[in-house]
1. Restricting attention to segment 195-222, which residues are of a type in the set (Gly, Ala, Ser), within 13 Å of the ligand (Cβ to nearest atom) and not in a helix (DSSP H, G or I)?
2. Filter segment 306-336 down to the residues that are part of a strand (DSSP E or B) and among the aliphatic types (A, V, I, L, M), then identify the one that is farthest from the chain's Cα centre (by Cα).
3. Please verify whether Ser16 is in contact (Cβ under 8 Å) with a residue 60 or more places away in the chain, among the polar types (S, T, N, Q) and open to solvent by 30 Å² or more (accessible area, probe 1.4 Å), treating the condition exactly as stated.
4. Hey, Tyr98 hits all of (1) surrounded by 19 or more Cβ atoms within 10 Å (Cβ to Cβ); (2) under 20 Å from the mean Cα position of the chain (by Cα) but one; which does it fall short on?
5. Take residues that are not assigned by TED's automatic domain parsing to the domain that holds Glu22 and tell me which of the strands (runs of 3 or more DSSP E) falling wholly in segment 94-192 contain 2 or more.
6. Could you count how many residues in segment 307-329 are surrounded by fewer than 17 Cβ atoms within 10 Å (Cβ to Cβ) and within 10 Å of the ligand (Cβ to nearest atom)?
7. Restricting segment 161-176 to residues that are within 11 Å of the ligand (Cβ to nearest atom) and buried (at least 24 other Cβ atoms within 10 Å of the Cβ), which is nearest to Asn325 (Cα to Cα)?
8. Of all the residues that make up segment 36-86, how many are open to solvent by 10 Å² or more (accessible area, probe 1.4 Å), more than 19 Å from Ile277 (Cα to Cα) and either part of a loop (DSSP other than H, G, I, E, B) or not β-branched (Val, Ile, Thr) (or both)?
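The values are calculated or read from the model by the stated rules, or taken from the named source; none is laboratory data. Quick caveat, the model's predicted, so the values are computed rather than measured. Glycine also receives a Cβ, built like all others from the backbone with ideal geometry; neighbour counts cover every protein chain displayed. Keep in mind that these areas ignore ligands, DNA and RNA; they rest on the heavy atoms of the full protein, side chains included. Shrake-Rupley method; radii C 1.70, N 1.55, O 1.52, S 1.80 Å.
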Amino acid sequence: NRRIVLASRPSAAPTSENFRLEEVALPAPADGELLLRSVYLSLDPYMRGRMSDAPSYAEPVQLGEVMVGGTVSRVVESRHPDFTEGDWVLAYCGWQDYALSDGTGLVNLGRNPQHPSYTLGVLGMPGFTAYMGLLDIGQPQAGETLVVAAATGPVGATVGQIGKIKGCRVVGVAGGAEKCRFAVEELGFDACIDHYADDFDAQLAAACPDGIDVYFENVGGKVLDGVLPLLNTFARIPVCGLVSQYNASSLPEGPDRMGLLMGQALVKRLKIQGFIIIDYQDRFGEFFPQMSEWLASGQIKYREEIVEGLERAPEAFMGLLEGKNFGKLVVRVGAD
Ligand code: NDP
């Protein structure tokens with residue numbers, strides 16, 4: 001029974017020294033509890049925030065504690081009336097092989113789910129984030145231009161494809177030619193710009209001849225710099241994530257651009273709204289059937305990158321913060 005704990009807090013990009021793999025005894029369930037074995041572990045950018053003790057919307061992982069994370073797990077032993085051995089569940093067991101649960105927060109996926117790992121991605125937290133952030137805050141209208149970065153990740157890819165369903169011109173931003181090609185050819189985006197290009201701003205402007213009406217903010221940094229002058233009057237910016245900043249320990253060098261941002265917010269009457277998906281919990285029942293239908297009909301496509309072995313989770317997670325993943329990053333912890 002292996003687990004990966006937070007060994008120390010990173011001051012910039014995480015390194016392998018921040019994690020420690022431990023062997024511990026297999027826990028035994030008490031009455032009313034179940035023993036779960038992780039099959040898939042989700043790796044997500046928010047975990048960088050949990051490694052830090054800076055104030056945030058959620059408590060940090062304490063030093064020596066198991067790294068948190070969503071899992072798709074199987075019930076190994078049940079002393080709980082609602083679950084039986086062999087059931088698949090969506091759980092939050094973290095970076096470890098086995099965990100005990102009293103059933104709180106578990107979603108029973110039954111005996112034979114079709115794509116169990118999808119509940120960590122397009123049919124789960126990231127897909128739901130894309131859906132609510134875009135539709136509730138972004139409010140895209142047919143004919144408008146939508147821009148989204150991290151365009152091939154589970155949030156960005158879903159945002160862009162929903163934008164197409166709603167009749168928008170969709171321009172993605174992604175790291176490298178292969179991801180950009182995928183966004184256009186496989187996901188159906190109208191264009192996708194490589195943020196590593198020297199003339200990124202000019203390419204983005206050329207791809208948005210009518211300006212930008214919805215900017216779904218996933219990354220911040222230089223992508224936001226390129227977007228800002230292109231925003232139309234009454235543009236909406238759902239602020240979902242700022243992954244380019246997650247490893248930063250101080251503000252970036254250069255002139256203070258706060259005045260520029262606020263000036264644009266005023267004269268263009270921008271709506272800039274941050275959100276955390278937990279605030280939308282009571283609307284999951286609206287999202288899930290709709291997304292299942294879009295997936296079944298092929299209107300939404302989904303790509304995963306599956307890494308084999310719990311021991312590779314730290315390396316894969318560090319890569320996620322640098323764009324090394326191509327699709328939703330999932331670790332296969334153990335056999336089905
Ligand atoms: P992704 O799988 O898309 O992974 C993150 C991607 O960000 C990388 O693959 C990379 O893509 C891109 N990236 C990393 N560093 C930079 C950089 N310096 N500049 C530009 N792009 C960079 O992750 P998710 O789809 O899971 O998450 C996307 C965003 O949504 C994140 O910001 C995350 O924190 C946020 N989020 C917010 C939630 C909320 O409740 N508010 C819930 C879930 C996610 P590329 O190579 O294409 O640049």
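1. Let us first name the residues in segment 195-222 that are of a type in the set (Gly, Ala, Ser), namely 197, 202, 205-207, 211, 220-221.
Among the residues that remain, those that are also within 13 Å of the ligand (Cβ to nearest atom) are: 197, 220-221.
The answer is Ala197, Gly220.
2. Val307
3. Details: in contact (Cβ under 8 Å) with a residue 60 or more places away in the chain: yes; among the polar types (S, T, N, Q): yes; open to solvent by 30 Å² or more (accessible area, probe 1.4 Å): yes.
It is true that Ser16 is in contact (Cβ under 8 Å) with a residue 60 or more places away in the chain, among the polar types (S, T, N, Q) and open to solvent by 30 Å² or more (accessible area, probe 1.4 Å).
4. Here Tyr98 meets the rest and fails (2).
5. On the way: elements: 98-101, 107-110, 145-149, 169-174.
The qualifying strands (runs of 3 or more DSSP E) are 145-149, 169-174.
6. Pass one, segment 307-329, residues surrounded by fewer than 17 Cβ atoms within 10 Å (Cβ to Cβ): 308-309, 311-312, 315, 319, 322, 324.
Restricting the remaining residues to those that are within 10 Å of the ligand (Cβ to nearest atom) gives 319, 322, 324.
Count: 3.
7. Within segment 161-176, the subset within 11 Å of the ligand (Cβ to nearest atom) is 172-176.
In the following step, the residues that additionally are buried (at least 24 other Cβ atoms within 10 Å of the Cβ) were identified as 172-174.
Numbers: Gly172: 16, Val173: 15, Ala174: 11 Å.
Of everything passing the filter in segment 161-176, Ala174 is nearest to Asn325 (Cα to Cα).
8. Number satisfying all stated conditions: 20.
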